[in-house]
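Okay, so here's the structure we're looking at.
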Amino acid sequence: MEPVTLYIMNRKGWSVLSAVLNVFGREVIGAVITARDAAMAKDYHQEIVELCKQNNIPVFDRTSAEIPQARYKIAIGWRWMIKDDKDLIVLHDSLLPRYRGFAPLVNALINGEQQTGVTALFASGEYDRGPVIAQMAIPVSYPVKIADMIEDVSNLYEKIVVSIFKKIGDGEAINGREQDEKDASYSLWREEADYFIDWNKDAAYIRRFIDAVGFPFKGAATCMENNILRIMEAEVLPDVKIENRDAGKIIFMHDGHPVVVCGQGLLKLTAISNEEGKSLLPFSKFRVRFNSPLASSRQAVAPTQPLGYQ
């Protein structure tokens, strides 16, 4: 079997590398190309490098000028264009043609999609528009945290990539079907400003948002008295009649946990920290408004690594 080059990052890339080694051994992998992910609190970069070293697999940083050529390449969680894109297979965190682009899993969970999945496709001149090789779907049950969904999606990655390696090893043709353009949708990249909570949204939406951008990402953000706080966990509470509804204000304090007014509904904040990760519970202030500086933050906050391509 002609060895395959893997372009991999993050939990999903490490999971696939481990699965391929367990099923086929190291001889089927010609090289691994990897990179750090600044958007992740834990990016599995060191784990990928160590696994390669343990199995004597050549490993290269994406900026290396010595990346070897290979017929088949498979990209997992990759954020950059790969120049040698002939026979390049890309794995994407959605059921294409929906959610083409960036942060598809995060955006699908924020939107409350009832199912998600993984697509393997051939690379094309325009991102995520190539022929589909394989797809696998899983249902989504809310509330759900992004870390748990990454685990579930990683299992799908393993199954799809193992099946592709088997075809390559058996000399089978890898064929794809064209996508139906009428069903296509796009998922925009997310920057630092997109971590901020919009308290004018309804409480259920905000809860999904908090869960979708939590660990291994930085966590949902809000401002209080010119300080940025991270909201890592929250619970939706039944609404009450508020005569002068003002989203973002604290209305109740439940055992040191602030209950915040949303556009619709109430949200009890059960895990709050500062930017250094120090817990701010029990909360000491009651007459507080949490701000949603969405418009201003896009100008004031310098863009960082986009959140979650693939």
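The values are calculated or read from the model by the stated rules, or taken from the named source; none is laboratory data. Note that the structure is a prediction, hence the values are computed from the model and not measured. Cβ atoms come from the backbone with ideal geometry, glycine included; neighbour counts cover every protein chain shown.
For region 215-248, what are the residues that are among the charged types (D, E, K, R) and without any contact (Cβ under 8 Å) to a residue 40 or more places away in the chain?
From region 215-248, those among the charged types (D, E, K, R) are 218, 225, 230, 233, 235, 239, 241, 243, 245-246; that's our starting set.
Selection gives 233, 235, 239, 241, 243, 245.
Could you tell me which residue of region 250-280 is modelled with the lowest pLDDT, considering only residues that are more than 20 Å from residue 209 (Cβ to Cβ) and acidic (Asp, Glu)? The residue in question is 276. Within this structure, residue 261 fails the test of being surrounded by fewer than 18 Cβ atoms within 10 Å (Cβ to Cβ), among the aliphatic types (A, V, I, L, M) and over 22 Å from the mean Cα position of the chain (by Cα).
What is the residue count in region 3-36 for residues that are part of a helix (DSSP H, G or I) and at negative phi?
First, the residues of region 3-36 that are part of a helix (DSSP H, G or I): 10-24, 26-28.
Filter once more, keeping what is at negative phi: 11-24, 26-28.
The number of residues fulfilling the criteria is 17.
Out of everything in region 197-238 that is of a type in the set (D, E, K, R) and modelled with pLDDT under 95, what residue ends up being farthest from residue 291 (Cα to Cα)? Reasoning before the result, please.
Going residue by residue through region 197-238, those that are of a type in the set (D, E, K, R) are 198, 201-202, 207-208, 211, 218, 225, 230, 233, 235.
With modelled with pLDDT under 95 added as a condition, the list becomes 218, 225.
Numbers: 218: 18, 225: 9 Å.
Restricting to residues being of a type in the set (D, E, K, R) and modelled with pLDDT under 95, the top hit is 218.
Counting only strands (runs of 3 or more DSSP E) that sit wholly inside region 37-152, those with at least 2 residues that are surrounded by 21 or more Cβ atoms within 10 Å (Cβ to Cβ) and among the aliphatic types (A, V, I, L, M) are 73-76, 88-92, 115-122.
Report yes if residue 247 is in contact with a strand residue (DSSP E or B) (Cβ under 6 Å, 6 or more places away or on another chain), at pLDDT 95 or above, in a loop (DSSP other than H, G, I, E, B) and within 20 Å of residue 213 (Cβ to Cβ), otherwise no. Spell out how you get there, then give the answer.
Working: in contact with a strand residue (DSSP E or B) (Cβ under 6 Å, 6 or more places away or on another chain): yes; at pLDDT 95 or above: yes; in a loop (DSSP other than H, G, I, E, B): yes; within 20 Å of residue 213 (Cβ to Cβ): yes.
Taking the combined requirement at face value, the residue satisfies it.
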